[in-house]
Amino acid sequence: MRDVAEQFSALMSSIEPIGRTGSGGYRRFAWTHEDRELREWFDAEAAARGAEVVPDRAGNLWAWWGDPDAEPGVVLGSHLDSVPEGGAFDGPLGIVSSLLAVSAAGTVTKPVAVALFADEEGARFGTACAGSRLLTGALDPARALGLKDADGITMAEAREDVPATDPEALARIGCFVELHVEQGRALEAPVGLATEIWPHGRWRFDLAGQANHAGTTRLADRDDPMLALAQLVTAARQHAGELGMLATVGKLSVSPNAVNAVPGLVQAWLDARAPSEDLLLELLARLGGDPSEESFTHAVRFDRPLATRLQDVLEGVPLLPTGAGHDAGVLQQHGIPTAMLFVRNPTGISHAPEEHAELDDCLAGVAALTTVLRELAG
């Protein structure tokens, strides 16, 4: 384990400077210089371990050991992109652990791969799990090309290829297991096994008012959409608490966005997640306002036979649901047997610089993933 600990620390340290910001967090957006540097790192590390690294038509990378065209393989993997000011473990922990698990598993009888999925966070173009959604056809390639970032650059302009679904790449996947840092405080053991992903979605509220001068317009004469925004934020929090779910207004666009101007338009993005789709619909009904749905993910229940098999080999592993979306969920929805392992996060914080996992827990995750790989591919 000392050798694995040294390898783990070395791999995590080797990507630590890439996209690091002054806050200690990370800005690793898809199809940027930082993203290309991370993909080159993955290519080199996988090749150094004897893998053949190939891209698919959706923009994801696959490091293969063995011939998946002769027999579908066992795939591990995750992502390396981040949200703005994201943490060091969300994504990279899964990639590093997967590379180490392949090395530690020794001789296997089935093809094995580590997948690096593109644009999982959706931080640049607004669509989460874009790489896996493109791969499976859940995201239409024509729509993807028209997605724009904050600077008005389309995905078509940012990419060096034309994205497409890839049935051939999908046919090579016998099953998929993703390891990820836990993104809350639900996990008390070092490693847990996911049961499901809550249904979740993103909606945009367009709150219209009348732009006007902040220094001359009487309060009685104002039509200020910031007041509607305040009501939306507080109502979302109140109703989510009453319904036993989660709701967040985390992104805003204010026009004209001037200190001395009453806004004419406020756009607010709501992220909502719940144990059932009925609760999401109830929240939207209570909030009103006819928001535009930007994405919606139905509940994902991970493959039960695969989960049972992993429970048997990972004796005593706790089970837990999650409200966070993942590429594993996209593949499961497409019909690929999929499972997820979580590594404990003592801070309970994710998508922020304080995100953390202790080294011993990370090593427990590598050991669990190695056991899983030996079970499925041995």
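The table that follows gives values for the structure above.
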{"item": "Residue list for region 104-160, filter: under 16 Å from Leu331 (Cβ atoms), of a type in the set (A, V, I, L, M, F, W, C) and within 18 Å of the chain's Cα centre (by Cα)", "result": "Val114, Ala115, Leu116, Phe117, Ala118, Ala128, Cys129, Ala130, Leu134, Leu135, Ala138, Leu139"}
{"item": "Candidates Ala367, Ala352, Ala328, filtered to the one that is closer than 30 Å to Arg172 by Cα, surrounded by fewer than 20 Cβ atoms within 10 Å (Cβ to Cβ) and either out of contact with any Gly (no Cβ under 9 Å at 6 or more places or on another chain) or touching a residue at least 40 places away in the same chain (Cβ under 8 Å) (or both)", "result": "Ala367"}
{"item": "Every pair of residues 6+ apart whose Cβ atoms lie under 7 Å, when the first sits in region 212-224 and is closer than 18 Å to Ser255 by Cα and in contact (Cβ under 8 Å) with a residue 24 or more places away in the chain while the second is part of a loop (DSSP other than H, G, I, E, B) and aliphatic (A, V, I, L, M)", "result": "none"}
{"item": "Hits in region 29-60 (condition: surrounded by 16 or more Cβ atoms within 10 Å (Cβ to Cβ), touching a strand residue (DSSP E or B) at 6+ places or on another chain (Cβ under 7 Å) and part of a helix (DSSP H, G or I))", "result": "Arg39, Phe42, Asp43, Ala46"}
{"item": "Hits in region 132-156 (condition: free of Cβ contacts under 8 Å to residues at least 40 places away in the same chain, out of contact with any Leu (no Cβ under 9 Å at 6 or more places or on another chain) and part of a helix (DSSP H, G or I))", "result": "Ala142, Arg143, Leu145, Gly146"}
{"item": "Residue match in region 354-369 (condition: of a type in the set (Asp, Glu) and in a helix (DSSP H, G or I))", "result": "yes"}
{"item": "Selection from region 128-138 of residues that are at positive phi and either among the β-branched types (Val, Ile, Thr) or buried (at least 24 other Cβ atoms within 10 Å of the Cβ) (or both)", "result": "Cys129"}
{"item": "Residue list for region 171-189, restricted to those being over 27 Å from Thr136 (Cβ atoms) and crowded, with 20+ Cβ neighbours inside 10 Å", "result": "Leu187"}
{"item": "Filter result (crowded, with 18+ Cβ neighbours inside 10 Å, among the small types (Gly, Ala, Ser) and in contact with a Phe, Trp or Tyr (Cβ under 8 Å, 6 or more places away or on another chain)) within region 238-293", "result": "Ala268, Ala272, Ala274"}
{"item": "Test: residue in region 120-127 that is surrounded by fewer than 18 Cβ atoms within 10 Å (Cβ to Cβ) and acidic (Asp, Glu)", "result": "no"}
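Bear in mind these aren't lab numbers, they're just calculated from the coordinates by the rules spelled out. Because the structure is a prediction, the values reported are computed rather than measured. No Cβ is skipped: glycine too gets one built from the backbone with ideal geometry, and neighbour counts run over all protein chains shown.
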